[in-house]
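The values are calculated or read from the model by the stated rules, or taken from the named source; none is laboratory data. Computed from a predicted structure; not experimentally measured. Positions of Cβ are backbone-derived with ideal geometry, glycine not excepted, and every protein chain shown enters the neighbour counts.
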Amino acid sequence: MLSNSSMRTPLGRVRGLGSAKSGTGHFWLQRVTAVSNLVLAIIFIGVVIALAGRPYPAAIALLANPCVAILMLLFILSACIHMRLGMQVIIEDYVHAEFPKILAVMGNTFFAIAVGAASVYAVLKLSFGG
Amino acid sequence: MSIAHRVTGTGLYLGTVLIAAWLVAAASGPVAFDTAQAIAGSFIGRLALFLYSFSLIHHMVGGLRHFVWDLGHGYDPDTRMKLAKFSVVVSASLTVLVWIVALVLR
């Protein structure tokens, strides 16, 4: 295995192998988005509380505020990446047959992107004057 | 507790459909927004919102435990039990606190 004739480093030989193919990248991005979600979700809860009971024009004005809108867009991005990674781990733990697993992982990606796209569209439409 | 993290995570995952729908309703105009607000304000809507807020806060507090473990601490049985109890008590308290603040402010 570790023949001297190869110019590849030990790391280069194992990179991309293993059942998850890109395990450390997945793990790390899950942690990075967990940290950003922690901050952004607290802000999101604050925004939702501020919106409670507001009539339409006041609610729209708050969501269209640039600071609020940018923070909401960041939260949507961070949350969608995080939830896609998390659901992929659950799928890989419980769905073992190869074809259903591929379909589920693919559907998971479609779901995360669809929810994210719809939410981003809504926030941008509100921001740019509905 | 590990399964609780997965259950709340899955609940949050599915619930994003409702949040996206609510945002799209807000972007669609006053009629759609009022409909969405009426649904959110109904008994079922309030119940869903309460469960969603608890899931979110529980998942966040549970995530803090994972940060502790990621940093290499808290693996002994005693600390694990304390962290588990801590996450339940803190997330339940925070959820109630958030709702009190929301209901007082509106």
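Side notes on the structure shown:
- Residue match in region A:31-52 (condition: of a type outside the set (A, V, I, L, M, F, W, C), facing chain B (nearest Cβ under 10 Å), more than 23 Å from B:LEU56 (Cβ to Cβ) and out of contact with any Ser or Thr (no Cβ under 8 Å at 6 or more places or on another chain)): no
- In region A:92-121, the residues that are hydroxyl-bearing (Ser, Thr, Tyr) and within 12 Å of another protein chain (Cβ to nearest Cβ): A:TYR94, A:SER119, A:TYR121
- Filter pass, A:ALA69 being under 18 Å from the mean Cα position of the chain (by Cα) and in contact (Cβ under 8 Å) with a residue 40 or more places away in the chain: yes
- Condition met for B:LEU47 (touching a residue at least 40 places away in the same chain (Cβ under 8 Å) and either assigned to a helix (DSSP H, G or I) or in contact with a helix residue (DSSP H, G or I) (Cβ under 8 Å, 6 or more places away or on another chain) (or both)): no
- Residues in region B:10-65 that are aromatic (Phe, Trp, Tyr) and crowded, with 16+ Cβ neighbours inside 10 Å were compared, and the one that is farthest from the other protein chains (Cβ to nearest Cβ) is B:PHE54.
- For region A:22-66, the set of residues classified as more than 18 Å from the chain's Cα centre (by Cα) and among the small types (Gly, Ala, Ser) consists of A:GLY46, A:ALA50, A:ALA52, A:GLY53, A:ALA58, A:ALA59, A:ALA61, A:ALA64, listed by residue number.
- With respect to the stated conditions, A:GLY116 is of a type in the set (Gly, Ala, Ser), assigned to a helix (DSSP H, G or I), at pLDDT 95 or above and surrounded by 15 or more Cβ atoms within 10 Å (Cβ to Cβ).
- Index of the failed condition, B:ASP76 passing every other in (1) of a type in the set (Asp, Glu); (2) more than 8 Å from every other protein chain (Cβ to nearest Cβ); (3) touching a Lys or Arg at 6+ places or on another chain (Cβ under 8 Å): (3)
- Inter-residue pairs, beta-carbon under 9 Å, first in a helix (DSSP H, G or I) and in region A:21-36, second at pLDDT below 90 and surrounded by fewer than 16 Cβ atoms within 10 Å (Cβ to Cβ), 6+ apart: A:HIS26/A:ALA20; A:PHE27/A:ALA20
- Some residue of region A:104-111 being under 13 Å from the mean Cα position of the chain (by Cα), in a helix (DSSP H, G or I), surrounded by 13 or more Cβ atoms within 10 Å (Cβ to Cβ) and touching a residue at least 60 places away in the same chain (Cβ under 8 Å): no
- Checking A:LEU73, A:LEU124 one by one, the residue that is at the interface with another protein chain (Cβ under 10 Å from one of its Cβ atoms) and over 20 Å from B:THR8 (Cβ atoms) is A:LEU124 and no other.
- Residue list for region A:40-95, restricted to those being touching a helix residue (DSSP H, G or I) at 6+ places or on another chain (Cβ under 7 Å), under 13 Å from A:LEU126 (Cα atoms) and of a type in the set (A, V, I, L, M): A:ALA59, A:ILE60, A:LEU62, A:LEU63, A:ALA64, A:VAL68, A:ALA69, A:MET72, A:LEU73
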